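Computed from the coordinates by the stated procedures, all read-outs in this text should not be read as laboratory data. Here the structure is a predicted model, which is why all the values come from computation and not from measurement.
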Amino acid sequence: MNLLFRKAGCEFNNIDSTIVCEEPKLSGYIEETRENISKTLDIPISDVSVKATTNEGLGEEGKKNAISSTAISTLIPTADYRRE
């Protein structure tokens, strides 16, 4: 994935993600998830944030019918990026 962005003249600066679910408890999987994202995108693990939270019993996540996630990233131009 990061290769596509590099070809377009930019690369990931960081990624921040949150997973929302009541069950299963994800705390034991956070580091492994960060490592997998880091390896997949070829970025330092220090640039990857993964958090897990519950929906406090509200909505479909709170009823244990769904799991949702959000992620946001910032991209920076690569050194060889030339705007035409």
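Structure notes:
- Percentage relative contact order, the range 2-75, counting C-alpha pairs under 8 Å, at least six apart: 47
- Entry note: the chain has Rg to Rh equal to 1.12, where both radii use alpha-carbon atoms and Rh is the Kirkwood radius.
- Close Lys pairs in the chain, defined as Cα atoms under 25 Å apart and 8 or more places apart or on different chains, number 8.
- Against the main long axis of the alpha-carbon atoms of the chain, helix 30-41 sits at an angle near 30°.
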